[in-house]
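Heads up, the thing below is written out as structure tokens.
The values are calculated or read from the model by the stated rules, or taken from the named source; none is laboratory data. Computed from a predicted structure; not experimentally measured. Backbone-built Cβ (ideal geometry, glycine too); neighbour counts: all protein chains shown. Heavy atoms of the whole protein, side chains included, go into the accessibility calculation; ligands, DNA and RNA do not. Shrake-Rupley method; radii C 1.70, N 1.55, O 1.52, S 1.80 Å.
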Amino acid sequence: MEPLLHLENCSLNIDGRQILNNLNLSVKEGTIHSILGSNAAGKSSLAYLIMGCCDYSVDKGKIYFAGKEITNLPISKRAKMGITLAWQEPARFEGLKVRDYISVGMRKVDEYLIEEALREVLLEPKDYLDREVDKSLSGGERKRIELASVFAMHPKLAILDEPDSGIDILALDNIINIIKGLKKQGSTIILITHREEVAQIADITSLMCSGMVVKEGSPQEMSKYFKEKCVPCPTKTFPQEENI
Amino acid sequence: MQDYQLILEAYNRSGGDVSVFKQSNMAHLVVHKNKVIGMNSVKGLVLIPKEKEYGIEATIVVEKGVRIENMVHLCFGILPKEGIQEIYMKVRVEDGGGIKLLAHCVFPNAVKIIHRMQADIDIGNNSYYEYNEVHFHGEEGGVEVIPKAKIKMGKNSSLVTNFSLLKGRVGYFDLDYESEIRDNSTLEMTAKIYGYGDDRIKIREVGHLLGKGSKGVIKSRVAVRDNAISEIINELNATAPEAKGHVDCIEIIQGNAQAKAIPIVNVTNEFAKVTHEAAIGRVDKKQVETLMARGLEEEEAIDIVVRGMLK
Ligand SMILES: Nc1ncnc2c1ncn2[C@@H]1O[C@H](COP(=O)(O)OP(=O)(O)O)[C@@H](O)[C@H]1O
Ligand SMILES: [Mg+2]
């Protein structure tokens with residue numbers, strides 16, 4: 001079966017710096033595909049590239065989604081095809097209520113479904129619906145609302161950029177349940193995470209280093225490899241053939 | 001009377017609730033050009049409008065100790081494309097009194113209209129005064145709006161002003177509100193404006209924190225696009241001990257629009273404190289991309305961000 005998302009030799013330069021380097025990635029429909037890699041490996045950049053964010057268009061390479069080339073499509077078009085992104089540090093919006101933020105991505109706005117999405121992320125609807133998505137929310141609350149809004153959108157592909165960062169360690173089980181819930185709902189998931197417990201729920205893991213996918217395998221294999229070979233990083237600059 | 005119906009229709013389109021003009025327990029005043037076409041007063045409120053050549057002169061007095069329970073509704077408008085309207089308001093809130101006013105200024109067909117407002121407002125001790133003004137202009141941009149207010153406030157009182165012009169073109173706009181705040185009184189001034197085309201926006205809001213423990217917050221939210229230009233002066237002067245204030249101005253620009261923010265903060269008493277923040281910039285890219293990632297077009301996303309800021 002052809003993959004839902006396929007990146008072919010994608011490179012990305014920003015201000016003369018190579019951020020992604022001939023990157024290849026295939027994501028199968030209905031899977032949770034996790035991305036593992038140290039800080040600055042290029043994980044968030046990869047997320048922006050797939051989403052189509054404005055400074056992150058490929059210099060070389062092609063992106064295919066659901067059998068169509070999307071390399072040059074703007075964010076809105078990609079989102080309308082069913083791709084969405086939960087940001088590592090989601091933006092704040094003065095004057096925009098949680099209910100309205102969540103409803104933005106819904107095909108048909110339905111109060112019940114908005115509340116469902118909030119319950120899914122363990123936020124009590126009556127306490128949050130009329131609050132603003134502004135600075136008054138804590139980091140953890142904002143990230144939960146981000147997940148709720150992805151949930152309510154029913155995307156074909158959800159890219160979750162460190163959904164577990166800045167969230168209480170006690171809440172990890174809940175985050176794991178939310179991601180499983182998304183999968184159950186029919187979404188394919190790209191899961192960027194540092195946390196081993198969270199990475200374990202993936203069906204497959206890609207290991208990223210210096211803007212490349214250097215290895216792929218089961219989450220257990222990849223995190224074992226990552227712990228043994230990448231922390232601390234033996235090369236600092238570039239993955240050596242013999243280490244991979 | 002046809003003018004009355006048409007004014008109310010415009011009032012309705014500007015977001016006003018017309019049913020308020022039918023209720024006997026709610027005071028109101030409706031003025032078309034220089035004609036009073038609707039009026040009702042309530043106990044403890046003196047409302048005397050005088051028709052002048054180009055508008056009206058209105059005396060509003062809230063009698064001692066009277067707190068007017070319901071919002072008082074004012075509607076000023078001009079229906080034809082052209083015209084001048086000058087509103088002179090003399091307001092006195094006697095000690096212990098209180099009033100909340102909501103004024104709608106509607107110029108739905110404006111091509112060449114001048115609307116001047118001069119208010120002298122005197123607020124006593126232990127009283128409150130809230131004044132909300134909402135404007136609704138047509139799409140032609142031919143309106144000159146020049147509201148001026150001089151406000152004096154006694155002790156232990158509160159003053160709130162909210163000005164908003166979010167529907168239709170602004171045209172030329174020059175607001176100037178200046179207030180004097182005495183002991184333990186508080187001031188809150190907010191202006192929200194969305195300008196486009198070749199709109200010109202000038203706002204000057206000044207608070208003099210003259211009394212001990214007086215407090216003031218001046219807030220401006222302005223969005224300009226196309227070739228619109230805005231200049232915002234927010235000024236707080238604190239000369240009394242324990243006076244506290246904050247100036248907060250955000251302007252969003254799009255296209256060729258230009259914005260200037262001038263926060264002025266003067267503190268001459270060592271026990272007073274005034275802070276300020278001002279930000280002018282394009283719409284935040286991340287905010288827009290976040291909404292686009294949920295399927296909105298760029299224009300729709302920008303609109304949500306801007307409208308949110310103006311809310
Ligand atoms: N817009 C940008 N401008 C300049 N450098 C960038 C930009 N985006 C990412 N980078 C750089 O690319 C590298 C990868 O960043 P990022 O994708 O955020 O990594 P990760 O998410 O894996 O921590 C970092 O060195 C970062 O500084
Ligand atoms: Mg990152």
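Of note:
- Restricting attention to segment A:59-70 and to residues that are open to solvent by less than 30 Å² (accessible area, probe 1.4 Å) and aliphatic (A, V, I, L, M), the residue that is nearest to the other protein chains (Cβ to nearest Cβ) turns out to be A:Ile70.
- Against the test of being at pLDDT below 95 and either surrounded by fewer than 16 Cβ atoms within 10 Å (Cβ to Cβ) or among the aliphatic types (A, V, I, L, M) (or both), the options B:Glu9, B:Glu51 yield a single qualifying residue, B:Glu9.
- Boolean, A:Arg107 is within 9 Å of chain B (Cβ to nearest Cβ), surrounded by 21 or more Cβ atoms within 10 Å (Cβ to Cβ) and among the charged types (D, E, K, R): no
- Search result, residues across segment A:135-175 that are hydroxyl-bearing (Ser, Thr, Tyr) and either more than 16 Å from ligand 2 (Cβ to nearest atom) or assigned to a helix (DSSP H, G or I) (or both): A:Ser136, A:Ser138, A:Ser149
- Hits in segment B:234-266 - residues which are over 23 Å from the mean Cα position of the chain (by Cα) and surrounded by fewer than 17 Cβ atoms within 10 Å (Cβ to Cβ): B:Thr239, B:Pro241, B:Gln254, B:Gly255, B:Asn256, B:Asn266
- Some residue of segment A:61-75 being at pLDDT 95 or above and within 14 Å of ligand 2 (Cβ to nearest atom): no
- Residue satisfying condition, being open to solvent by less than 70 Å² (accessible area, probe 1.4 Å), within 14 Å of another protein chain (Cβ to nearest Cβ) and more than 30 Å from A:Met106 (Cα to Cα), within set B:Ala279, B:Ala301: B:Ala279
- Search result, residues across segment A:119-134 that are in a loop (DSSP other than H, G, I, E, B) and either under 24 Å from the mean Cα position of the chain (by Cα) or hydrophobic (A, V, I, L, M, F, W, C) (or both): A:Val121, A:Leu122, A:Leu123, A:Leu129, A:Val133, A:Asp134
- A:Tyr56 vs. criteria among the hydroxyl-bearing types (Ser, Thr, Tyr), within 14 Å of chain B (Cβ to nearest Cβ) and part of a loop (DSSP other than H, G, I, E, B): yes
- Only one of the listed residues (A:Ser44, A:Ser76) is small (Gly, Ala, Ser), out of contact with any Leu (no Cβ under 7 Å at 6 or more places or on another chain), part of a helix (DSSP H, G or I) and within 14 Å of another protein chain (Cβ to nearest Cβ). That residue is A:Ser44.
- Segment B:282-296, residues that are surrounded by fewer than 21 Cβ atoms within 10 Å (Cβ to Cβ) and either in contact with a Pro (Cβ under 6 Å, 6 or more places away or on another chain) or without any contact (Cβ under 8 Å) to a residue 24 or more places away in the chain (or both): B:Asp284, B:Lys285, B:Lys286
- Among the candidates A:Ser11, A:Ser26, residue that is at negative phi, among the hydroxyl-bearing types (Ser, Thr, Tyr), within 13 Å of ligand 1 (Cβ to nearest atom) and at pLDDT 95 or above: A:Ser11
- The C-beta contact set for segment B:178-192 (first residue within 12 Å of B:Asn132 (Cβ to Cβ), second residue open to solvent by less than 50 Å² (accessible area, probe 1.4 Å) and among the charged types (D, E, K, R), distance under 6 angstrom, 6+ apart or interchain) comprises B:Met189/B:Glu205; B:Lys192/B:Arg221.
- Exactly one residue among A:Ala40, A:Ala47 is within 16 Å of ligand 1 (Cβ to nearest atom), out of contact with any helix residue (DSSP H, G or I) (no Cβ under 9 Å at 6 or more places or on another chain) and open to solvent by 80 Å² or more (accessible area, probe 1.4 Å), and that residue is A:Ala40.
- Qualifying residues in segment B:211-233 (those that are part of a loop (DSSP other than H, G, I, E, B) and under 22 Å from B:Phe173 (Cβ atoms)) - the one least open to solvent (accessible area, probe 1.4 Å): B:Ala228
- Given (1) exposed (fewer than 14 other Cβ atoms within 10 Å of the Cβ); (2) within 21 Å of A:Ile35 (Cβ to Cβ); (3) within 14 Å of chain B (Cβ to nearest Cβ), number of the condition A:Asp130 does not satisfy: (2)
- Residue selected from segment A:91-104 under the condition part of a loop (DSSP other than H, G, I, E, B) and open to solvent by 20 Å² or more (accessible area, probe 1.4 Å), by the criterion nearest to A:Arg131 (Cα to Cα): A:Glu94
- Filtering segment B:247-266 for residues that are within 11 Å of another protein chain (Cβ to nearest Cβ) and in contact (Cβ under 8 Å) with a residue 40 or more places away in the chain leaves a non-empty set.
- Test for A:Leu191: is it in contact with a His (Cβ under 9 Å, 6 or more places away or on another chain), within 12 Å of A:Ala86 (Cα to Cα) and at pLDDT 95 or above: yes
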